[in-house]
Amino acid sequence: MLPSLPERFLTPEMRTGLYYAAMYLPAGVSTLLLPIWLDGRGIGEEEIGIISATPIFIMIVLNLFVGRIADRAKDWRSVIIAGSLVSAVVSLGFVFIDEFWGILLFNTLVVIPIMAIEPVIDAAAIRMTRRRGTDFARVRIWGTFGYIAMTALAGWLFGWLGIAVFVPIFIATCLMRGVAALPLPLFRAPEGHHAAAPLALSPETATTLRQVFRPWFILTLAGTALLQASHMLMISFGALLWVRAGVPDAALGVLWIVAPVCEIVTMLFFAHFARRFSARHLLLAACIGGIVRWTGMAVSTEIWQLALLQGLHMLTFGLGYMGIVNFIANWTSEDIAAEAQSFYVVMRQVASVLALILFGALVSRFGLSSFLAASVMSAIGATMIFASLAIKETKR
């Protein structure tokens, strides 16, 4: 007999999924509208790059520390709630800022807590679902649903009311994220009747962070970090570049939605692919998708062309994200779950900061052609993962 609707919403998976949905609502607003809002205040491309890169740069120092605290806490839940609430309160400061330094300060203070808890919620959710015999992808997919819905709404409001909508809806979504964190389950403790014994560890499973420093493991993390960092050009400058290339305002939200819709397809079928291919083979396919996507972006301005290239997000982000989360979970123990995930995020953030600095300089000079640099990053990532497979071939 199927559980009633209220019972479904009370399951740990559903509460976590609803938090994922709320977690990415502010990103759906800021990714689309923040560059345009900043441009309207006379802030140049290099300064936009600085605003985007500063929280990432700070988190390079803090992420491992947060991951270590989360692993040593009674449950990962407390760290996630704290970060969500801090970000929600600080977002209110956007009402009072209108120049570079104020925007830099408050954007950094809003983003840092969420960047800190992102690897923690991923590590907590995948361990919980594996213990309970459920599918992490079906939980994480709610984040993409939330992102799509908010991007569509933000794009529609922008086309109707203009960029003045950015600040109020950004603050509203940050507050919603804070509230959504409160019902999160206890991730470590088995709940209900689905609890199962902890998964057995293989002899090669890392139980300390030092054991992560194996060449084939590090090469996989570094290659994936470069692939994900290549998205920073799209995240920070994509909408602005499209507007300058003549893409209608009303089409921006639609184009942006194509990517996460295709990402949903990846998450729905990821378990099917994961049974047939190792995580690293999937990551290699994601990097190859990045080469194609970013090369095409450098030479395309028609809406239908951009829509097709946005569809490759199912590889570059969907497959890349699910691949690396599963790769880390496959080869590390629960004792270092958040710390290992945070270690990868530090590598990704280092690559992202360097990429943002590079992209900020390139966009001001080369416009759309800057996407060729993102393509090169994806190619280097593919080479690293191929080298990892050459060093150690595995089935997981």
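The values are calculated or read from the model by the stated rules, or taken from the named source; none is laboratory data. Bear in mind that the values here come from a model prediction, so they are computed numbers and not experimental data. Cβ coordinates were reconstructed from backbone atoms using ideal geometry, including for glycine residues, and neighbour counts include every protein chain displayed.
Odds and ends about this structure:
- Unique match (being buried (at least 20 other Cβ atoms within 10 Å of the Cβ), more than 22 Å from Y344 (Cα to Cα) and in contact (Cβ under 8 Å) with a residue 40 or more places away in the chain) among I112, I103: I103
- Only residues that are surrounded by fewer than 22 Cβ atoms within 10 Å (Cβ to Cβ) and either at pLDDT 85 or above or of a type in the set (S, T, Y) (or both) were counted in the stretch 349-365, giving 6.
- Near pairs, Cβ below 8 angstrom, 6+ apart or cross-chain, from the stretch 117-141 (farther than 15 Å from I324 by Cβ and part of a helix (DSSP H, G or I)) to any residue that is at pLDDT 85 or above and among the basic types (K, R): A124/R77
- Selected residue (criterion: modelled with the lowest pLDDT) from residues of the stretch 297-330 that are assigned to a loop (DSSP other than H, G, I, E, B) and of a type in the set (S, T, N, Q): T301
- Residue pairs whose Cβ atoms lie under 6 Å apart, sitting 6 or more positions apart in sequence or on different chains, and linking a residue in the stretch 332-348 that is surrounded by 24 or more Cβ atoms within 10 Å (Cβ to Cβ) and outside any helix (DSSP H, G or I) to a partner that is modelled with pLDDT under 80 and not polar (S, T, N, Q), are T332/A206.
- Selection status of F386, part of a helix (DSSP H, G or I), crowded, with 19+ Cβ neighbours inside 10 Å and not hydroxyl-bearing (S, T, Y): no
- Any hit, the stretch 274-282, residues being surrounded by fewer than 17 Cβ atoms within 10 Å (Cβ to Cβ), assigned to a helix (DSSP H, G or I), over 18 Å from the mean Cα position of the chain (by Cα) and among the small types (G, A, S): no
- Of all residues in the stretch 258-273, those being surrounded by fewer than 23 Cβ atoms within 10 Å (Cβ to Cβ) and either modelled with pLDDT of 90 or more or closer than 24 Å to A239 by Cα (or both) number 5.
- Filter result for L358 (among the hydrophobic types (A, V, I, L, M, F, W, C), more than 30 Å from I80 (Cβ to Cβ) and touching a residue at least 60 places away in the same chain (Cβ under 8 Å)): no
- Selection within the stretch 100-155 - in contact with a Lys or Arg (Cβ under 9 Å, 6 or more places away or on another chain), of a type in the set (S, T, Y) and under 23 Å from F170 (Cβ atoms): none
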